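The values are calculated or read from the model by the stated rules, or taken from the named source; none is laboratory data. Please read these numbers as outputs of a predicted model, since none were measured by experiment. Neighbour counts run over all protein chains shown; Cβ positions are idealised from the backbone, glycine included.
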Amino acid sequence: MKLNGIPIEDTFAEAFGMKATRILITAIDARWARQAGDTMTGFATSVIGCGVEAGIEAELEADATPDGRPGISVLLFGMSNKELAKQLENRVGQCVLTCPTTAVFSGMDGDDKLPLGKNLRFFGDGWQISKQIGGRRYWRVPVMDGEFLAEESTARCKAVGGGNFLVLAKSQRAALTACEAAVAAMRRLPNVILPFPGGVVRSGSKVGSKYKALMASTNQAFCPTLRGVTASNLSSEVRSVMEIVVNGLTPEDIAAAMRAGIHAACAGGPASDVVRVSAGNYGGKLGQFHFRLHEVTA
Amino acid sequence: MKQLTLTQRHATAQRLDMRSFLPEHLAQLSLAQIAELPLQVGNQTTPASELFELSGTPCEDLRLVPAADNLDFIGAGMRQGELTVVGNAGDAVGQGMRGGLLRVEGNTGDEAGTGLSGGELRITGNTGERLGGPSVGATQGMSGGQIQVQGSARDRVGERMRRGLILIQGDAGSWCGVNMIAGTIVVQGHIGAMAGSGMRRGTLLLSGPPAALPSTFSDNGVHDLNFLHLLFAHLKAVTDLGPWTAADNPSVHRYLGDLADAGMGEILWPAASADVDAPTSNPR
């Protein structure tokens, strides 16, 4: 199968079940809302070392937020409810509470709750105020720039993490340019985030390592500098491989994002020096969700 | 649409206790059973059918048409359904209400919504004293839900209120929010003396500066309070916000008190409105 003359490998991306939540952050203007989001999702690329995978889902106009100010929505994905709750509280406490003019609200409804302002309120040292408005509970915490407003809790849901595809190209610049186009297309879609830097990961991993302490290590089959000494998946013309990882609230969201991303990455055709599109397939060892490239791009 | 209507045949000299005529109870009964429900009139017990004309079908949408304003405890303890009073209600309408919607298309007596913990009470006319306060003998007033009065309320609105929202589109009498524990009271008209006296926590939101405040409230300046956006968005659905220019400028004067108690109660009014002198203090 080819897209604009670029071969799409007959393989599948292997993803796994996660727990997710969404919060909304507003601020005095869009810049400061994004600043809070960037800060709280900055060190949130992989659960391997960050505890949670997170990213900004969308920018919100003032009329789409609870307090009528510009904002963003952030999605956070964890491997367990406990870890997700811990990371949410730490990140909102350290990165949003501290960020000038921000407020934080639930971005998801449901019966399964995660504390949001519920514990952060104690920063108010007794001066905090509870307000129930329209059946929802909020906390007003006095801070030096006024009041930090935080909704009591948000909801969580089951989700999917680790949807991915690989762009194989003749140069780093060619791989990156194709990935940038893919990221731009994927970020327009709801319910997904691309947790890695700029949406792109250059250190795609395999499950396990020769070192017992490591649960993941470099994926030598896709390392161009090891082409001659490993069971390489790369042809001789490939000099750079980059991966886009996508987490979504449902498998359908991931499939839609992969489809948009792969189409965008292949838009330049062979002239863009993209050689092939593949995916992180771990032989079924990693997760129960399999996204076949031929099916999602069809 | 199914509805059950009880129309009072004639006014009685004695007050009637209507607390057993709740939508959720009557929906379980036949018209014949409802007609036999006992009502106490003075020292006599009378079947409901002698005092009320019944029409419609028993369901959780109940309409009550009083012939006088001495029907007390209408909707008291109500948990669900809708009850509409077409006319004036007596005392303690919606007392101890836990859910559902209770509308009074007229005025009410005293103690409306006392001890209310859920649901919504809407009064199109005026109401008497102790709106949303504690039921007789109780230590706390309203603890949830919402009360809307389109007219005015007399003294002691929200006394010892703990949670919930009271909206008064007209004026409120003296001692509004007295000994308030928490919750929110919004008064769009004028407010009487000693507002917020004894307040521990909670919010008293006014449309303009009060003529006087207890001397135990202190000025905390003018502030933009983000939560007001949420409150205004909620209130916009039921009232014209008038002097509040909600989304544009929620700057408010913030007075905190009562410093003779916990001192965390706040009295707010728009900074734009009559930004003149600080209110004078009431003597204590």
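A few comments on the model shown:
- Residue check, B:ASP171 among the charged types (D, E, K, R) and either free of Cβ contacts under 8 Å to residues at least 24 places away in the same chain or under 21 Å from B:HIS190 (Cβ atoms) (or both): yes
- Any pair with Cβ under 9 angstrom, 6 or more apart, that starts in the stretch A:130-151 at a residue that is more than 9 Å from chain B (Cβ to nearest Cβ) and under 14 Å from A:THR98 (Cα atoms) and ends at one that is part of a loop (DSSP other than H, G, I, E, B) and of a type in the set (A, V, I, L, M): A:VAL141/A:LEU97; A:VAL143/A:LEU97; A:ALA150/A:LEU97; A:ALA150/A:LEU116
- Filtered by the rule that a residue be surrounded by fewer than 16 Cβ atoms within 10 Å (Cβ to Cβ) and either under 20 Å from B:ASP224 (Cβ atoms) or at the interface with chain B (Cβ under 9 Å from one of its Cβ atoms) (or both), the stretch A:106-129 gives A:GLY126, A:TRP127.
- Single residue of the stretch B:84-132 satisfying the filter (more than 12 Å from the chain's Cα centre (by Cα) and either at pLDDT below 95 or not in a loop (DSSP other than H, G, I, E, B) (or both)) that is farthest from B:LEU26 (Cα to Cα): B:GLU105
- Residues being surrounded by 13 or more Cβ atoms within 10 Å (Cβ to Cβ) and over 12 Å from the mean Cα position of the chain (by Cα) - total across the stretch A:190-214: 8
- Filtered residues of the stretch B:201-228 (kept if away from chain A (no Cβ under 11 Å) and in contact with a Pro (Cβ under 6 Å, 6 or more places away or on another chain)): B:SER207, B:PRO209, B:PRO210, B:ALA212, B:LEU213
- Of all residues making up the stretch B:135-178, the number that are within 14 Å of A:GLN132 (Cα to Cα), within 10 Å of the chain's Cα centre (by Cα) and not in a strand (DSSP E or B): 1
- Qualifying residue in the stretch A:270-282 (condition: more than 29 Å from A:MET40 (Cβ to Cβ), out of contact with any Lys or Arg (no Cβ under 6 Å at 6 or more places or on another chain) and free of Cβ contacts under 8 Å to residues at least 60 places away in the same chain): yes
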